[in-house]
1. What is the P(r) of the stretch 305-444, as percent of Cα-Cα pairs per 10 Å bin from 0?
2. Could I have the simple spin-label model distance between Asp36 and Ala452, label points 7 Å from Cα toward Cβ, reported in nm to one decimal?
3. Expressed as a whole percent, how much of the Cα-Cα distance distribution for the stretch 212-287 exceeds 14 Å?
4. For the chain, give the share of DSSP beta bridges that are antiparallel, in percent and rounded to the nearest 5; count only bridges with both residues there.
5. Relative contact order (percent) for the chain, with alpha-carbon contacts under 8 angstrom and 6 or more residues of separation?
6. How much of the DSSP bridge set in the stretch 321-389 is antiparallel, in percent, rounded to the nearest 5?
7. Search the structure for amide H atoms under 5 Å from the amide H of Val70, placed 1.01 Å from N in the peptide plane, and list their residues when 5 or more places away or on another chain.
8. Can you compute the modelled spin-label distance between Glu313 and Ala264, with each label point 7 Å from Cα toward Cβ, in nm?
Amino acid sequence: MAAETHAHGTYPDPSAPASPPRDLVVRAAVEQGLLDSEPVVCLLDAAGIRASAAALNGAFAAAVAPGTPVLHAFAVKAAPLVPVLRLLADAGIGCEVASPGELALARAAGVPAERIVLDSPAKTEAELREALALGVAVNADNRQELERLDALVAAAPTASPLGVRINPQTGAGTIDALSTATATSKFGIALRDPGAREWLVRAYVRRPWLTRLHTHSGSQGVPLALIAEGVRELHALAEEINAAAGRRQVDTLDIGGGLPVNFASDAHTPTYGQYARALREAVPALFDGSYGLVTEFGRSLLAKHGTVLTRVEYTKVTGGRPIAVTHAGVQLATRTVYAPAAWPLRILPYDAKGAPKDGPPVAQDVAGPACFAGDLLATARELPELAPGDVLAVPDTGAYFFTAHYGYNSLPRPAVHGFTAGPDGGVRFTLARPAQSAAALVAEAGGALRDALLQPPL
């Protein structure tokens, strides 16, 4: 695949292969037997992921002053799969990690330490020591963590860029649980609390090794203007710190991620270009080259490129309501099941051979396999009347859905297949994560320790 190298990463040129049409992908998955042995599979569009990475790189390359260092670090929690991280790394994207497990995944994908950022509100001393030994960038979340870093930095030199996360307290979006910049958010040092700003300035002046400043004010349900307001507060604080220090101590701003995703249609909106323009309008100096930039996008890079495919196992009518029972539910779409108003998903119907299904719309529930009544992907959804054997596609699930499995009822993790367009115009599938076996489930549930609790008490 042809690629161009830019100061901000390597990404495909416009002549790179495009994603195959969804209907073609569904039919190919059925014809190639992906649903023969498993009643649910998950698909990732490799070309689409590359295109999103290119769009992000391109939007910032067009916005920043020449020579400005920019690191786009993918939020691993959005899709913690090593092949995905490897694909993104090949497209010029690093990793933002928030646990030892996510750091291990990034390293397994071959992402170099200088392209990894560690963020977490609960880092242990061992996690911090490992990050500093590797040279991974670290953003301290709170005063106590900063004191812990004091001791670690004094004990051993490190190449890690170090910073502090602030909470600009600029307000919530439409989903309270995802809003990180509220007055009482658990993340970062609250900038508007009494005395906090003054303390932060002093903390930086006393620690010349603090060279970064971090915030993350975006997420699903947060409008661009509110995200930009948080970044404006970050930039203003950096300017204040550097003025107090009498030098350019803070040289990099980590502006987080959280670009919302459109789940209502196939349109990719808002775009990274719109995001960059919103930042330019709110913080004109952000892109002038005074500061290096780090971003931490997750959902917006992956969501539109994932699709769940599942067979309809049974259909029935209860209380006059048709119900289609499938194998895709809370284990794959946890947020949709528990908060359907905030996380609605589209349901696209196909017949048993993978052809789009037509017919008069009928209000139907689409149910998952878990043993509780609320395990529903959709309620009273207008679809052609479904029948056993039909295939349902659930798009926009590439981030935080099937990539982050929820083990209710010990339902196994399904297989994940990447797909690309073949040279003959067909669809080629590549296994990215195998389906979890019953033996693996038993092992994970302590199968080797079967008799451990039969020992008499001491």
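1. Percent of pairs per bin, in order: 11, 40, 35, 12, 1, 0.
2. Label at Asp36, label at Ala452, 3.9 nm between them.
3. 62
4. If I count the DSSP bridges inside the chain, around 50 percent turn out antiparallel.
5. 17
6. Numbers: 7 of 10 bridges.
Of those bridges, close to 70 percent are antiparallel.
7. The answer is Leu293.
8. In this crude label model, Glu313 to Ala264 measures out at 3.4 nm.
The numbers here are math on the coordinates, done by the rules we state, and not lab data. Keep in mind that this is a model prediction, so the values were computed, not measured. Here Cβ is always computed from backbone atoms with ideal geometry, including for glycine, and neighbour counts include all displayed protein chains.
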